[in-house]
Amino acid sequence: MTPLARWARVEWGLLYATARGPLAKLRLRAVPMTVAAVCLTALLQFTQNQPWGYRLVQHAGAVRAADPFWLALLRTPLSLCVPALDLPVWGALAQILVVFGIAEVCLGWWRTLAVAYVATLAGTLYARVGIALGPHVPLGLPGSDARVVDTGPSAAVVGLAVFLAWRYGAHVTAGAVAAAMVAEVALKENLAGREHLAALAGVAALWAAVRMARRLRHPRPQRRPGSRAGSGRSGLPPIQS
């Protein structure tokens with residue numbers, strides 16, 4: 001086995017072993033929520049590009065910092081499936097199919113939606129806080145960003161990818177995704193890039209809470225003097241739906 005193959009096995013082996021069986025046996029039937037999300041995203045993209053459908057999609061699922069907070073919360077779940085108008089929809093569909101699909105197999109559909117919602121909501125809340133701080137503060141945003149539509153499914157995809165990487169020990173992958181988001185902000189200063197970083201922060205807080213809750217439920221037994229530590233790979237076991 002080559003060093004690269006050995007590294008890939010260590011990095012993605014646990015995630016691959018968890019997802020391979022259900023996907024090989026059931027294929028798309030293993031990820032019904034993901035299939036529904038892909039179909040809904042394609043439908044919303046088609047609708048918002050029609051003369052009669054743009055305002056409909058905007059009123060139902062477009063979130064802006066200028067919106068009342070209660071209205072933004074109502075629109076946020078659907079905003080997960082509203083792709084950006086200025087980006088190719090096929091990229092968004094491929095990201096949802098791959099990342100949401102793997103997450104649904106490994107975490108279950110409701111946990112996948114929970115992580116995706118936390119990531120998206122973190123970006124939405126950051127936009128409001130950043131605009132309130134103003135452009136002269138390091139984390140602040142200009143007032144014009146209040147009229148910019150939030151990132152849509154991309155923040156959820158980024159958050160889920162990093163959460164899965166942490167959950168299954170793919171730490172290099174998690175670092176690479178985070179580094180790519182930092183580079184995005186450095187190269188192209190826009191609201192979407194900053195919301196991606198906020199999504200990572202929200203998912204990091206969620207991951208820390210999950211780890212803490214698990215440790216409180218299952219405290220490690222104290223070792224007796226002279227006893228040896230158990231062998232085996234450390235980390236949490238896969239979550240099954």
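For residues that are over 16 Å from residue 165 (Cα atoms) and assigned to a helix (DSSP H, G or I), tally how many sit in the stretch 1-19.
Step one: list which residues in the stretch 1-19 are over 16 Å from residue 165 (Cα atoms), which gives 1-6.
Remaining after also requiring assigned to a helix (DSSP H, G or I): 3-6.
Total meeting the criteria: 4.
Of the residues that sit in the stretch 179-194 and are in a helix (DSSP H, G or I) and among the charged types (D, E, K, R), which one is surrounded by the fewest Cβ atoms within 10 Å (Cβ to Cβ)?
The selected residue is 184.
Pairs please, first residue from the stretch 169-193 and farther than 17 Å from residue 120 by Cα, second anywhere and of a type outside the set (Lys, Arg) and part of a loop (DSSP other than H, G, I, E, B), Cβ atoms under 8 Å, 6+ apart in sequence or on different chains.
If the second residue must be of a type outside the set (Lys, Arg) and part of a loop (DSSP other than H, G, I, E, B), the pairs left are 169/235.
Sort through 176, 114 and tell me the only one that's over 18 Å from residue 13 (Cα atoms), small (Gly, Ala, Ser) and surrounded by fewer than 24 Cβ atoms within 10 Å (Cβ to Cβ).
Of 176, 114, the one residue that is over 18 Å from residue 13 (Cα atoms), small (Gly, Ala, Ser) and surrounded by fewer than 24 Cβ atoms within 10 Å (Cβ to Cβ) is 114.
Report, by residue number, each residue of the stretch 141-167 that is closer than 17 Å to residue 69 by Cα, part of a helix (DSSP H, G or I) and not basic (Lys, Arg).
Result: 143, 145, 146.
Could you list, in sequence order, all residues of the stretch 100-111 that are closer than 17 Å to residue 39 by Cα and either buried (at least 24 other Cβ atoms within 10 Å of the Cβ) or among the hydroxyl-bearing types (Ser, Thr, Tyr) (or both)?
100, 104
Taking only the stretch 1-50 into account, find how many residues are polar (S, T, N, Q) and either surrounded by fewer than 17 Cβ atoms within 10 Å (Cβ to Cβ) or free of Cβ contacts under 8 Å to residues at least 12 places away in the same chain (or both).
Going through the stretch 1-50 one residue at a time, the tally reaches 4.
Of all residues in the stretch 195-205, which are surrounded by 18 or more Cβ atoms within 10 Å (Cβ to Cβ) and out of contact with any Phe, Trp or Tyr (no Cβ under 7 Å at 6 or more places or on another chain)?
Of everything in the stretch 195-205, those that are surrounded by 18 or more Cβ atoms within 10 Å (Cβ to Cβ) and out of contact with any Phe, Trp or Tyr (no Cβ under 7 Å at 6 or more places or on another chain) turn out to be 196, 197, 199, 200, 202.
If the Cβ limit is 7 Å and pairs must be 6+ apart or interchain, which residue in the stretch 115-139 that is in contact (Cβ under 8 Å) with a residue 24 or more places away in the chain pairs with which residue that is small (Gly, Ala, Ser) and not in a helix (DSSP H, G or I)?
Close Cβ pairs satisfying both conditions: 127/65; 128/65; 130/140; 131/65.
Determine, yes or no, whether residue 86 is free of Cβ contacts under 8 Å to residues at least 60 places away in the same chain and of a type in the set (D, E, K, R).
When the stated conditions are applied, residue 86 passes them.
All of the numbers you see were taken from the coordinates with simple rules; none came from a lab. Predicted, not measured: the structure shown is a model, and the values here were computed from it. Glycine gets a Cβ as well: all are built from the backbone with ideal geometry, and neighbour counts include every protein chain shown.
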